[in-house]
Amino acid sequence: MLPRKLTPAVAAERKTLDTWVPSDPERPLYTAIRAAFIEKFAGLYVLLSATTSVSSRKVGSVPHKKLPDVAAEITRLDRESTRLAEMLFPGPSLPSVARAREWAAQIGIRNWRDPSIVKFLRRILKRWRTPRGRPATLQSVGLRALELRLVDRQRWSWNALARELCNCGSLEHGFRCRENLRREVLLLTKSLRALGVKVPAEK
């Protein structure tokens, strides 16, 4: 939970990120993930700033007795921001260095006049790595399937999605492919909601 006195600083940083992080109104799922990422990353940046001696003068320092709680909140926001960034920025199969370049290109050409939070985001993106666990390609397929369902559920039935997105290598994509894809979308939806993403309803 962010200290109340930091709320104005978070709002200001959120507004800055909203200008810089690429938007795409035609993609409802991306838009929802983007909103959650901006909210959490702005909070992370402000809390980190509030716990450093140089930046704390601008945003207000955190009382010493609250530092353990703030440290736990920083850890949570960093973890959740990382997971959301994995869904926002492209290239799950790219090497880390190449992916960092892709991430940076999404934000725009680097400039010394960039806001501090944008410079911080660029540095963080270069250090982020794809987490261990379920393959990023499965997550990518699930994101694409859910996005298509949200845009046009009638056109993108589970059978149509299996034919379009399944990469099992088979020429025919039947019941098993369809159910695997459906399960992936279900798991993804639960993960997104746990991260605070307001998943839009299917049309």
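The values are calculated or read from the model by the stated rules, or taken from the named source; none is laboratory data. Just so you know, these numbers come straight off a predicted model, no measurement behind them. Here the Cβ is made from the backbone with ideal geometry for all residues, glycine too, and neighbour counts use every protein chain on show.
For the reader, a short list of remarks on this structure follows.
- Per-region count, segment 1-28, residues of a type in the set (A, V, I, L, M, F, W, C), without any contact (Cβ under 8 Å) to a residue 12 or more places away in the chain and either assigned to a loop (DSSP other than H, G, I, E, B) or within 16 Å of V70 (Cα to Cα) (or both): 0
Per-residue answers, yes or no, for (1) touching a Leu at 6+ places or on another chain (Cβ under 9 Å); (2) loosely packed, with under 14 Cβ neighbours inside 10 Å; (3) in contact (Cβ under 8 Å) with a residue 40 or more places away in the chain; (4) not in a helix (DSSP H, G or I):
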{"site": "N159", "(1), (2), (3), (4)": "no, no, no, no"}
{"site": "G169", "(1), (2), (3), (4)": "no, yes, no, yes"}
{"site": "L181", "(1), (2), (3), (4)": "yes, no, yes, no"}
{"site": "E184", "(1), (2), (3), (4)": "yes, no, yes, no"}
{"site": "L188", "(1), (2), (3), (4)": "yes, no, yes, no"}
{"site": "R193", "(1), (2), (3), (4)": "no, yes, no, no"}
{"site": "V197", "(1), (2), (3), (4)": "yes, no, yes, yes"}
{"site": "E202", "(1), (2), (3), (4)": "yes, yes, yes, yes"}
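- Flag if A104 is under 23 Å from E86 (Cβ atoms), touching a Lys or Arg at 6+ places or on another chain (Cβ under 8 Å) and at pLDDT below 85: yes
- Check on I117, at pLDDT below 90, part of a helix (DSSP H, G or I), in contact with a Phe, Trp or Tyr (Cβ under 9 Å, 6 or more places away or on another chain) and among the β-branched types (V, I, T): no
- Tally of residues being over 14 Å from E184 (Cα atoms) and of a type in the set (A, V, I, L, M) across segment 149-172: 4
Residue-by-condition table, conditions (1) modelled with pLDDT under 90; (2) farther than 20 Å from I124 by Cα:
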site: A11; (1), (2): no, yes
site: K15; (1), (2): no, no
site: D24; (1), (2): no, yes
site: G43; (1), (2): no, no
site: V46; (1), (2): no, no
site: K66; (1), (2): yes, yes
site: E86; (1), (2): yes, no
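- Within segment 134-156, tally of residues that are over 22 Å from the mean Cα position of the chain (by Cα) and either over 18 Å from R27 (Cα atoms) or in the same structural domain as Y30 (by TED's automatic domain parsing) (or both): 0
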